[in-house]
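One structure is given below, encoded as structure tokens.
Each value in this text was obtained by applying a stated rule to the coordinates, not by laboratory testing. Everything quoted here is computed from the prediction, not taken from an experiment. Here the Cβ positions follow ideal geometry from the backbone for every residue, glycine too, while neighbour counts run over all protein chains shown.
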Amino acid sequence: MDGANIGHGVLHVAAHGGAGYHSHTSEREVKHALRRSCREALKTTSALSAVERAISVLEDEECLNAGYGSNLTIDGTVECDAAIMDGQTGDFGSIGAVSGVKNPVKLANAVLQASRRRDQLGRIPPLTLVSEGARLFAAKENLEIIPPESLVSAKAKKDWEKWKTRLDSEGDESAKEKFTSVALQDTVGAVAWDGEGNMAAGVSSGGILLKYSGRIGEAATFGSGCWAHQSEDGGMACSITGTGEYIVRTMLARSLGEALRKPADVDTHEVLQQVLVDQFWVPIHERGEPTPNAGVLLLTKEIDDGQAIPRLWCAFTTETMAIAYASSEPGDTSPKSSILRRPKNSHAGSVTNSPIYITALPIGK
Ligand code: ASP
């Protein structure tokens, strides 16, 4: 239970549709999907279930890269990654490279829930299940199994055909830059804080277009795609998007969680700046990547005058990040959504002129 006295009974939820390059043409559809996901999340009172519900809605949307409409692998198939974490217990579940499961986040949550069950032989429960084993587990847990090809959307198929042809045609160097902007985007995620003071975070992704079959990204990896912890003195829940390989290498979600845990009067803006620049952008840049991509949706519980206050932050290195948020507080239940755009004068390619764009959003006000 929360030691402080504000927020009791209120659920706060925020969802994202990835950091990347959202076009003005997809804007309406993406914002609409994000608002629907927040509305669905408000139908429950628990943070963990709010996160699962919010993400499930986004997985069913064709315009986002998770569940139905996921980017296709090099072999033209859908392979999904997802994870969910409970800030109260530290329990975690994730799945990777799974085909034919309608809602990957429900499967990740089933892995988490299974880790709470007593095993008669005392076997160690898994944190992560992948591929066919994960699909068999989904069937055992009575989750919805569907023909793998039914997760392939017409748009994903068209993108795949276009870029696979270019990949197969030798020497098309000019396509490189454009590919980056379509290959990576629209991973989804959510964070929540409920009336009992519990926090949770989750993430779900179809991964990078033309990825190797069997490849997993940050959305399947512990400490990378989502993180949540809480105490009487505060708490945090974050959901990450961007280039999986770089995010996993820097264990971005956990690094952010650890950095926010340290001093009591931690300045969240400074921590976001420090972790994203010093622990993510600079080391990856030094390895030769000109513009390392990542986006963070962060919900914190701050204690101010004995009262627990929600604060919502969004930070990203890309051009845009799509988000929405809502609270169950009367007058605040109608979700607000936007495609946040990096101001024109900040350059993603320069460390001096910060590569990270950070903004605070007025949740629960
Ligand atoms: N984060 C995803 C991955 O690397 C890709 C994306 O953002 O769409 O698996």
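Some observations on this one:
- Seen from residue 69, the other residues with C-beta closer than 10 Å to its C-beta sum to a net charge of -4, counting Lys and Arg as +1 and Asp and Glu as -1.
- About its Cα centre, the chain has a charge dipole of approximately 560 debye under the convention of +1 per Lys or Arg Cβ and -1 per Asp or Glu Cβ, with nothing else charged.
- Euclidean distance between Cα centres, region 215-261 to region 10-28, Å: 19 Å
- Charged neighbours of residue 79, selected by a Cβ distance under 13 Å, balance to -1 (K, R count +1; D, E count -1).
- Charge dipole magnitude, Cβ of K and R +1, D and E -1 - region 233-365, Cα centre, debye nearest 20: 400 debye
- Alpha-carbon gyration tensor eigenvalues x 5, square-rooted, for the chain, Å: 29, 25, 19
- Using the rule -39500 (n - 2.57) for each DSSP H run of four or more residues, divided by the residues of the chain, the 222 nm mean residue ellipticity is -8500 deg cm²/dmol.
- Only the Cβ atoms of Lys and Arg (+1) and of Asp and Glu (-1) were treated as charged; on that basis the dipole of region 102-157 about its Cα centre amounts to roughly 140 debye.
- Alpha-carbon Rg with Dmax, taken over region 1-150, Å: 16.6, 55
- Residue (of 127, 95, 45) at the positive-pole extreme of region 34-130, dipole from beta-carbon charges: 45
- Contact order normalised by residue count of the chain, Cα under 8 Å, 6+ apart, percent: 24 percent
- Cβ crowding within 10 Å averaged over residues, with 119-125, 25-31, 307-313 ranked highest first: 307-313, 25-31, 119-125
- Within-15-Å neighbourhood charge of residue 287 [Cβ basis; K, R +1; D, E -1]: -3
- Cross-link partners of residue 211 among lysines (Cα-Cα below 25 Å; sequence separation of 8 or more within a chain): 102, 106, 155, 157, 158, 162, 164, 176, 178
- In range of the label at residue 265: residues from region 292-317 whose backbone nitrogen is under 15 Å from the point 7 Å along Cα→Cβ: 303-306
- Percent RCO, i.e. relative contact order, over region 3-150, from Cα pairs under 8 Å lying at least 6 residues apart: 17 percent
- Simple rule: put +1 on each Lys or Arg Cβ and -1 on each Asp or Glu Cβ in the chain, find the dipole, and look at 330, 251, 22; the Cα lying farthest toward the positive end is 22.
- Protection proxy ranking, highest mean first, for peptides 40-47, 84-91, 328-335: 84-91, 40-47, 328-335, where packing is the per-residue count of other beta-carbon atoms within 10 Å, averaged.
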